[in-house]
Amino acid sequence: MKLQNVILLMGPPGSGKGTQSKLLVDKLGFAYFSMGDTLREFAKMDTDLGREIKNTIDQGIIVPDSITKDIIREKFSNFLDKPGVVFDGFPRTVGQDQDLREILEKYEVPHFQVFFLEVDKEKLLKRLTTRKTCPNCQAIYLPDSPEYKTEICKICGSKISIRKDDQDQASIEKRFDEYILKTKPVKEYYESQGLLTTIAGDQADNAEQSIKMVHQEILNKLGIK
Ligand code: AP5
Ligand code: MG
């Protein structure tokens, strides 16, 4: 089998990129790649690179393209024998888009499709400051899930917590600023190329219900039952 599809989920911090990517991967049997999760794994390492990445993420700043370029070049080979891959949060700069396009051309990947999750900033701030995640397997927990109280990840048994970059208001604000400055131009470029579909990322007041509805909307746009 040769890689046919790259689907990118874009959106501001907390818009549901991780949540929707995981649902899509389960449904389609695609591979999953999150640049944020990958960088958080690097950040655990006691090396100069690990410390540089940790420091950058904790401040809410986008990691330099030179680092993400090396990562994507290395990781992409893992996807070549899959029918598709869902990208969560990569590319998020103009330079990263160029890096990805070079790779897609090199491996002759025919289909590249982008979904943009649109949610009000007020709602996003609430989501970020209440979400708990697993630092080991990166599972995401809503406040009304049983694991939120027990703080034990149901997938891997690790202790879940509020992410470091969600604990500091300045870091959250910086992520939004970075998004506007560096990622919005990429979004607008994809839009101008007819590659991007916007999805309302909060389709019901009940969070669990909304997540299902957003997932269904993405499947509808993909023409999948
Ligand atoms: P990253 O980990 O990607 O963080 P982010 O972009 O700030 O987004 P989040 O992961 O916080 O949110 P999400 O959109 O995944 O939402 P989620 O599904 O969790 O990046 C972190 C850092 O890594 C960056 O700041 C940067 O430093 C670095 N980095 C990452 N990518 C990089 C790149 N390409 N280049 C350079 N540096 C990079 O949902 C949020 C919450 O809302 C959850 O609790 C969820 O349950 C809930 N929720 C989801 N959907 C709904 C819904 N429809 N209704 C109600 N609640 C919902
Ligand atoms: Mg995420």
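Bear in mind that the values in this text are calculations on the coordinates, not laboratory data. Source: prediction; values computed, not measured. Here the Cβ positions follow ideal geometry from the backbone for every residue, glycine too, while neighbour counts run over all protein chains shown.
Details
- Helix-only CD estimate at 222 nm, as mean residue ellipticity for the chain, using -39500 (n - 2.57) per DSSP H run (n ≥ 4): -14500 deg cm²/dmol
- Per principal axis, descending, Cα span of the chain in whole Å: 46, 46, 33
- Cβ-based exposure ranking for Ser210, Ser15, in which fewest neighbours within 10 Å come first: Ser210, Ser15
- Fully extending the segment from Asp70 to Ser158 would add 28.8 nm, taking 0.36 nm per residue of separation and subtracting the current Cα-Cα distance.
- Packing-based exposure ordering (other Cβ within 10 Å, fewest first) of Asp99, Asp120: Asp120, Asp99
- Remark: Thr19, Thr56, Thr150 ranked as Thr150, Thr56, Thr19, counting other beta-carbon atoms within 10 Å and listing the fewest first.
- Treating r as the C-beta distance of Leu104 and Asp37 and R0 as 22 Å, the FRET efficiency rounds to 0.55.
- Phi-based couplings in Hz for region 55-65 (Karplus 6.51, -1.76, 1.60; Gly and Pro marked x): 4, 5, 4, 4, 7, x, 9, 5, 5, x, 4
- Once each of the GluC sites (Glu not before Pro) sitting in a DSSP loop with at most 14 other beta-carbon atoms within 10 Å is removed, the chain keeps 1-107 as its longest stretch.
- FRET efficiency for the pair Lys149 and Glu118, taken as 1/(1 + (r/R0)^6) with r the Cβ-Cβ distance and R0 = 41 Å, rounds to 0.85.
- Placing +1 on each Lys and Arg Cβ and -1 on each Asp and Glu Cβ, with no other charges, gives region 182-225 a dipole about its Cα centre of roughly 200 debye.
- Taking 19 Å as the straight-line reach from the Cα of Lys159, the aspartates and glutamates in range (excluding those fewer than 8 positions away in the same chain) are Asp37, Glu41, Asp144, Glu147, Glu151.
- Relative contact order of the chain, taken over Cα pairs closer than 8 Å and 6 or more residues apart, is 28 percent.
- For region 107-225, the convex hull drawn through the C-alpha positions has a volume of 160 cubic angstrom per residue.
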